[in-house]
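Bear in mind that the values in this text are calculations on the coordinates, not laboratory data. Note that this is a predicted model, so its numbers are computed, not measured. Neighbour counts run over all protein chains shown; Cβ positions are idealised from the backbone, glycine included.
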């Protein structure tokens, strides 16, 4: 019922939001004589802020059309390699009209980036992908908004996520592949590679795990506390709702994106309030660069997707309440997940010193579980001064973290 009420409220507000956006544009147009009147700038800024707070945020595009690689500009073409009901495997194909440059591009290591299915779209990793493209052939999992998936496509749980990852690895060819998982997918990625190793299949050359809850018992954060202080039944009854009839996935049970967004904001409301106030003041001052930066950030941050209820509830139970992976009790498709079976795949774990999503030690725990990987094939990095997003996006990612990731991948790719 809550989801339906949200849609009704959105429909009622939509005319006002649309009008506010149009009014803001009209009142700031240089050719409009009203824009010269005293106080109109404040009125226009208020309309613009209301529009930004109330508008719908669609999934952004990656928008990566070129990248500098091997000292030359290379064109980038986004293509779909695999399309499954709940996820697409995207490939960022780099190309050049210079035969020598094209040869180097084709010799670069292939990296599969497994994006989180935890509220935001895969485009949140745009900076991660753009940076990797300097020296790698890059693919990424592009998860589909559950409200857009008809019910007849079936359910999607944590086991299905593991199966998807396994299928993508096999499609790309594990023998020359490097896998990078960011946040939530560190658990299913480790599960998929563990099952492949136990089955005697070839596993990827490396796996890089960044800021994920491998063992959520270590230095629990606010996110972990919520999962452990509420009974499982609370999540079933309080945050899971049916998709309204105005979407293709009508009737599908989901954890709605608007609830996830409210949770994101509630973790640090003062920061978001300050950001919107600064945006309002930047509009008054005519500081268009800072205003544009605000729009770019919140266009991404406010674009959220619905999660399949089965996957969300499986994750709450398995990862955050029962701690099945570190306890050795996680069973996927009838097979127990045993990371100690992994030996071929080198392991790199990365944590941010100030991460308030996955606490220090949660990702590093993978080293204890992957005892079959030789010590010289394992590496851990703790990024000083970095929060959760800083380890995969922004200047700290590009200048501090990425060089180590690149060198780690090159080291085992060459071997």
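Odds and ends about this structure:
- With contacts taken as Cα pairs under 8 Å at a separation of at least 6 residues, the chain carries a relative contact order of 19 percent.
- For the range 316-336 versus the range 97-155, the gap between their alpha-carbon centres in whole angstrom: 27
- Cα gyration tensor category, rounded, prolate or oblate, for the range 259-415 with a/c compared to 1.5: oblate
- On Cα atoms only, tilt of 288-301 relative to the major axis of the chain in degrees: 50
- Protection-proxy order for peptides 133-143, 195-205, each taking the mean of Cβ atoms within 10 Å per residue, highest first: 133-143, 195-205
- When peptides 311-319, 91-99 are ranked by their average number of other Cβ atoms within 10 Å per residue, the highest-first order is 311-319, 91-99.
- Shape class for the range 330-392, computed from the alpha carbon gyration tensor (a ≥ b ≥ c): oblate, with a/c not under 1.5 and a/b at or below b/c.
- For the range 182-341, alpha-carbon Rg over 2.2 N^0.38 Å: 1.31
- Helix 402-414 axis, angle to the chain major axis (alpha carbon atoms, nearest 10°): 30
- Choice from 176, 230, 340 with maximal GNM fluctuation in the chain (Cα, 10 Å cutoff): 230
- Axis of helix 158-172 versus longest Cα principal axis of the chain: the two differ by about 70°, to the nearest ten degrees.
- For the range 98-236, convex hull of alpha carbons as volume per residue, Å³: 158
- Per the Debye formula on identical point scatterers at the alpha carbon atoms of the range 185-254, with no solvent, log10 I(q)/I(0) at q = 0.15, 0.20, 0.23 Å⁻¹ is -0.82, -0.92, -0.96.
- Residues 147, 327, 398, 218, sorted so that the one with the fewest Cβ neighbours within 10 Å comes first: 327, 398, 218, 147
- Over the chain, DSSP H runs of length four or greater, each weighted -39,500 (n - 2.57), average out per residue to a 222 nm ellipticity of -12500 deg cm²/dmol.
- Grouping the Cα pair distances of the range 73-167 into 10 Å bins from zero gives a pair-distance distribution of 14, 43, 27, 12, 3 percent in increasing distance order.
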